[in-house]
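Colleague: If you scroll down you'll find the structure; I have some questions about it.
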């Protein structure tokens, strides 16, 4: 059949480039590269204006700790965006996970790793429940996660006030303080020690990045998630268990949110209901700046890290320059608009270039 | 020759990597029907978009009654008098017929739109088209054909003197198409120029006065009188070489074993009753019927997307109760090539590799669920070669391919896995002559290798070319079966007689008075 299928086209001599093919765009159009350059450029600029920006212990360490946590938050959002959904309850799922960790440490006296596991399991479970409701009822993820956000807001506050005296679990297991305060400088191989700027808590972020990178670039489930997001009807007809993938994505999102909640709690040393309050907007910001599509089907794991870094660097830099909180937000808005439109400008320019050469 | 209403001179339009239009010329005379022909990807749609102000041309001129014009938006084109009815419906479903018709210039008093004042003009437009529609009816309650006519009425309301119709008959039944032609004749009688884009040459020859043929972005025949050309002339101009109908290698049907698919007395939630037929190994069984006969719905019910009330489905002799397309694929080896290529067939914004390999990831996956992209690409490359899919590279998004190639990608995913029964639904709608022919050969050869195929098609020619047997459906029931003798005249007689033997009223009425 091979010959028969090719035969009808074989005799034509005209060069059959398929119509409307966009050639591969030049490398500098790459969004991730642009983000990296922008982030480093801004960091250098801030460093030049305020040399204190490069202070490893006082500036870089907390900056990187924030980036570590918020990157995981962005990843939690990215995973649901990959199936074309959104998770408005990331922050509350983080609080929910942290509640279980705090409860485990305070009441059950669990060691550090077991509490973390409990936290992740709780996050995955609440995420899976959310996904199951969405898949089962067909109600949009926006509505379901919004409802989940309210439900968890009440539930978590109730649990804290019922279980604790001053609305926080304060007793922490051995190792948590180290996790908060230690950097690579505390790990030495012989006389060589790591950089004091890099917090140890970043290990979770690195693990999450590697795991998700592997999931999306190499595995069947990752591809099925993306195709479910790209076109649910076609995915269903192609034999992809789309409903199961929706549950997978939300469970994974819940798990990552809980991990972020744990990291945030470890960063402050207390497990309280307000953890994750400010997660929702950064989660979208990091993911979308990084190149993840809101409509599903396209994700960038590294982009989530870069997008989050850019926002964090801008915040920290403006803060050091003494810009007040209100004006800081104005500047931040402008820079983000620029960063997002720069991407568009790059695309238009390169498109014109390719057109001109045709 | 008098001054043309609208003329294109040396229009150039460039997209990255391709000159979509290369010095295209077109002269549209008032009161004529002008056919715009060409294979998929020849540049017809691009030309229409240039004429309606969607794309700005990169070179050349547009002249409106002799004066050069620059169209910056579809709105400007509309004001000038250029109307378009796209292949897809562009009506607002929740609005009434009158609101849709007067959408661009709603009758308003002091900035407030008055719904009552819309009825009059809307009714005038409908009457001009010879349509008896209530202007107050919401558009969502109309049939596709009626919605299309509403769009034409909308173009009338803006005083369109040039009306572009992009594949208007693709989703119409023969009766509805005839009605549309009547409307087109009325329009030309009042001095409108209608540009008619279609793949169906019979219609073109029946309707059009002049013709322009595009090939690879160039006009190979420009505004010539159609009567000077034969059917074959036009096809060879479109394809760029003499088009010869090739005879297929004969094939035999293996009826010895159990039928690959056997339906007995199927009744579904969609309204099918007592549907029975068999498909043997290596056999192509055609499901023919008019649009709305319930063919796709039947197949979807069998695939588990709708409920089967009663009756028995057997796949390769084994009783099957299929609950999802996933189960149909992995357990029974049934592949379904959907009729909605863009909505259900391909993932437009995803690489071709993923589009093809989606059905085999399960097989390729290792212990950790990892899929080697090398093996994935090998599978895709093999099928790209086998089916002759034209692409720049495998990582390209499927949406960048032409319609015919997208359809091949959509088919490729079923051939990648060990599909043991293939159901193809309108495989060549909106596909050009050459690709259509390649597709027919492909399906024929698949059957010759023993693949049982259910072919759903509204194209009678396709049925007669490919099928061994034609099962005729109307009103969600099987009307009869005809063994194919590959003679178009005889077959169409028999099939049409089967369909119209009884008038085919709606299924609900049918149930009450159906006696064998």
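We did not get these values from a lab; they are worked out from the coordinates using the rules stated. The structure displayed is predicted, hence computed values, not measured ones. Don't worry about glycine lacking a Cβ; one is built from the backbone with ideal geometry, like all the others, and counts go over all protein chains shown.
Colleague: With the convex hull built on the Cα atoms of segment B:109-173, state its orientation-averaged projected area in nm².
Modeller: One quarter of the hull surface, i.e. the mean projection, equals 5.5 nm².
Colleague: Please report, in whole Å, how far the alpha carbons of segment A:28-73 spread along each principal axis, starting with the longest.
Modeller: Its Cα atoms span 35, 29, 10 Å along the three principal axes.
Colleague: In degrees, nearest 10, range 0 to 90: what is the angle between the Cα axis of helix A:280-289 and the longest Cα principal axis of chain A?
Modeller: It works out to around 30 degrees.
Colleague: What value in Å³ per residue do you get for the convex hull of the alpha-carbon atoms in segment B:362-406?
Modeller: In segment B:362-406, the Cα hull volume divided by residue count equals 88 Å³.
Colleague: Mean separation of Cα pairs under 8 Å and 6+ residues apart, divided by the residue count of chain A: what relative contact order is that in percent?
Modeller: After rounding, I find 32 percent.
Colleague: Please pull out the direction-averaged projected area of segment A:245-316, using the convex hull of its alpha-carbon atoms, in nm² to one decimal place.
Modeller: Average projection, Cα convex hull of segment A:245-316: 5.5 nm².
Colleague: May I pose another question? Could you work out the equivalent-ellipsoid semi-axes for the protein assembly as shown, taking the square root of 5 times each eigenvalue of the Cα gyration tensor, largest first, in whole Å?
Modeller: 55, 35, 27
Colleague: In peptide A:291-304, how many Cβ atoms from other protein chains are near each Cβ within 10 Å, on average?
Modeller: Per-residue shielding by partner chains comes out at 1.
Colleague: In segment B:222-342, how does Rg compare with the Kirkwood Rh, expressed as the Rg/Rh ratio over alpha carbon atoms?
Modeller: 1.16
Colleague: Once the Cβ-Cβ distance between residue A:45 and residue A:206 is put in as r, and R0 is 25 Å, what FRET efficiency do you end up with, to the nearest 0.05?
Modeller: For R0 = 25 Å, the calculated efficiency reads 0.40.
Colleague: Which value in deg cm²/dmol, rounded to the nearest 500, describes the helix-derived mean residue ellipticity at 222 nm for chain B, given -39,500 (n - 2.57) per DSSP H run of n ≥ 4 and division by the residue count?
Modeller: It lands at -10000 deg cm²/dmol.
Colleague: Quick one: what do you get for segment B:6-239 if you divide its Cα Rg by 2.2 N^0.38 Å?
Modeller: Normalised by 2.2 N^0.38 Å, the Cα Rg of segment B:6-239 equals 1.02.
Colleague: Any chance you could list P(r) for chain A, counting all Cα-Cα pairs in 10 angstrom bins from zero, rounded to whole %?
Modeller: Spelled out per bin, shortest first, that is 5, 21, 28, 25, 12, 5, 3, 1, 0.
Colleague: Quote the Stokes-Einstein diffusion coefficient, in whole µm² s⁻¹, for segment B:347-497, based on the Kirkwood radius over alpha carbon pairs, a temperature of 25 °C and a viscosity of 0.890 mPa s.
Modeller: Rounded to a whole number, D works out at 144 µm²/s.
Colleague: So, one more: Placing one identical point scatterer on every Cα of segment B:295-380 and ignoring solvent, what is log10 I(q)/I(0) from the Debye formula at q = 0.19, 0.26 Å⁻¹?
Modeller: Calculated log10 I(q)/I(0) at the listed q: -0.97, -1.26.
Colleague: Would you mind giving the three semi-axes, in whole Å and largest first, of the ellipsoid equivalent to segment B:126-254 according to its Cα gyration tensor?
Modeller: The answer is 32, 22, 12 Å, longest axis first.
Colleague: Sort out for me the Cα centre separation of segment A:189-203 from segment B:295-368, rounded to whole Å.
Modeller: Between the Cα centre of segment A:189-203 and that of segment B:295-368, the gap is 52 Å.
Colleague: Right, next: Would you calculate the separation in nanometres between label points at residue B:124 and residue B:393, each defined as 7 Å from the Cα along the Cα-to-beta-carbon direction?
Modeller: 5.8 nm
Colleague: Could you please tell me the mean projected area of the C-alpha convex hull for segment A:76-202, averaged over all directions and given in square nanometres to one decimal?
Modeller: 9.9 nm²
Colleague: Same structure, new question: Please rank A:272, B:179, fewest neighbouring Cβ atoms within 10 Å first, as an exposure proxy.
Modeller: B:179, A:272
Colleague: Against the 2.2 N^0.38 Å scaling, with N counting residues, where does chain B land? I'd like the Cα-based Rg ratio to two decimal places.
Modeller: 1.04
Colleague: Applying 1/(1 + (r/R0)^6) with R0 = 30 Å to the Cβ-Cβ distance of residue B:368 and residue A:33, what FRET efficiency is obtained, to the nearest 0.05?
Modeller: Taking R0 as 30 Å, the efficiency between residue B:368 and residue A:33 is 0.50.
Colleague: Continuing with the same structure: Calculate how steeply helix B:433-448 sits against the longest principal axis of the alpha-carbon atoms of chain B, using the helix alpha-carbon long axis, and give the answer as 0 to 90 degrees to the nearest 10.
Modeller: With both axes taken from Cα atoms, the answer is about 10 degrees.
Colleague: Another question, if that's okay. Report, in degrees rounded to the nearest 10, the 0 to 90 angle that the Cα long axis of helix A:301-320 makes with the longest principal axis of chain A.
Modeller: Around 50 degrees separate the two axes.
Colleague: Something else: Starting from one equal scatterer on each C-alpha and no solvent at all, send me the Debye-based log10 I(q)/I(0) for segment A:48-117 at q = 0.27 Å⁻¹, two decimals.
Modeller: Once normalised to I(0) and log-transformed, intensities are -1.07.
Colleague: When you look at the Cβ of every residue in B:443-453, what mean number of other chain Cβ atoms sits within 10 Å?
Modeller: 1
Colleague: Arrange the following residues from fewest to most other Cβ atoms within 10 Å of their Cβ: B:384, B:12, A:73.
Modeller: Exposure proxy ranking, most exposed first: B:12, B:384, A:73.
Colleague: Please report the relative contact order for chain B, taking Cα pairs under 8 Å with a sequence separation of at least 6, and give it as a percent rounded to a whole number.
Modeller: 14 percent
Colleague: Another question, if that's okay. Any chance you could get the radius of gyration and Dmax over the Cα atoms of segment A:156-287, in Å?
Modeller: In order Rg, Dmax, the Cα atoms of segment A:156-287 give 19.4, 60 Å.
Colleague: Also: What number, rounded to the nearest 500 deg cm²/dmol, is the helix-based mean residue ellipticity at 222 nm of chain A, given -39500 (n - 2.57) per DSSP H run of at least four residues and division by all its residues?
Modeller: -23000 deg cm²/dmol
Colleague: Oh, and also: What is the average number of partner chain Cβ atoms found within 10 Å of a Cβ in B:388-394?
Modeller: 4
Colleague: Note down the nm distance, to one decimal, between modelled labels 7 Å out along Cα→Cβ at residue A:352 and at residue B:116.
Modeller: Using points 7 Å along Cα→Cβ, the separation is 5.4 nm.
Colleague: Top mean-square fluctuation among A:175, A:267, A:296, Gaussian network model of chain A, C-alpha springs under 10 Å?
Modeller: Taking springs between Cα atoms under 10 Å, the residue moving most is A:175.
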